[in-house]
Amino acid sequence: MRTMIVALFALTLTLAALSSRATAEEHCMTGDSAVCAQDPACHWDYAKRGCYAGAAERVDPCGAHGDKTICEQDVSIGCKWSTNDNKCEQTN
């Protein structure tokens, strides 16, 4: 009887240790963008619709401007039209 209790206790400890290791590896594996955004080690990718480990890739906010006139008018984030690349880029 005593050996059975010790065996059950050891089994419980082993399962708890394995469970905590799996939880640590999968902390960015969530389908909820709000939960993902709370974790500084994760980022939400809107194109792939998922939560991934690490920092998000930097995207040029001026890249959305496809016209030179609109690009030159956006002074709030420092956009400037590049004649070499024929696109709008952030100058700062």
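Just so it is clear, none of the values below were taken in a lab; they were calculated from the coordinates. Everything numeric in this text was worked out from a predicted model, so none of it was measured. Using ideal geometry, Cβ is built from the backbone for each residue, glycine included, and neighbour counts are taken over all protein chains shown.
Every helix of 4 or more DSSP H residues in the chain counts as -39500 (n - 2.57), and over all residues that averages to -12000 deg cm²/dmol at 222 nm.
Which length gain, in nm to one decimal place, applies between Ala10 and Ile77 when the Cα-Cα distance is subtracted from 0.36 nm times their residue separation?
18.2 nm
In the chain, inverting the average of 1/r over every pair of distinct C-alpha atoms gives 17.5 Å as the Kirkwood radius. Measure nothing but the geometry: give the 0 to 90° angle between the long axis through the Cα atoms of 2-25 and the longest principal axis through the Cα atoms of the chain, rounded to 10°. In the chain, helix 2-25 runs at an angle near 0 degrees to the longest axis.
Taken about its Cα centre, the chain carries a charge dipole of about 460 debye when Lys and Arg each add +1 at the Cβ and Asp and Glu each add -1 at the Cβ.
Counting GluC sites (Glu not before Pro) as exposed when in a DSSP loop with at most 14 other beta carbons within 10 Å, what is the longest stretch of the chain free of them?
58-92
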